[in-house]
1. If residue 36 satisfies all but one of (1) modelled with pLDDT under 70; (2) exposed (fewer than 10 other Cβ atoms within 10 Å of the Cβ); (3) in a helix (DSSP H, G or I), what's the number of the condition it fails?
2. Restricting attention to the range 44-56, does a residue exist that is surrounded by fewer than 10 Cβ atoms within 10 Å (Cβ to Cβ), in the same structural domain as residue 171 (by TED's automatic domain parsing) and at pLDDT 90 or above?
């Protein structure tokens, strides 16, 4: 195409080609930059960070404050008082439905779930004791039933044991189960011999 400007004729083809090349170049550079800043998605790595999960659940409508306590083979005790002990880690101290609500700029957000999870990240050969403790009873019921579950998550998921326990008044403590790990980290025994771990626990 030719345009007439004054007494001169010139072609706009070169300008259009240059503009097109610039656009293509910018688009290409944008794609390269996007690939560089976009993190590569990775597989869920819970398997590499946990060997076993110990999960405590109870009625989501309950106000009762119930706690998980654990003792490892070398005598270290994990609870809400010491959430990271040895290879044991308590992810959250659930207080019943008293800490199920958080305030945000958009208003309150409620997550009505009563659950505590202990992650066993690594292991020591020997026996672990898993206890449940009624720290504070606020519901009017005579007992509260809790469920304690032991799951192996590395290298393959497998539920080892599920135990239902009834807790009474504040201070009631019961052993849900004990489990023994061999040198390879495999459960070789589960029993329910009672033990006390709390020793008058207070917050």
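1. (1)
2. no
The values are calculated or read from the model by the stated rules, or taken from the named source; none is laboratory data. Please read all numbers here as calculations on a predicted model, not as lab measurements. So basically every Cβ, Gly included, is an ideal-geometry build from the backbone, and we count neighbours across all protein chains shown.
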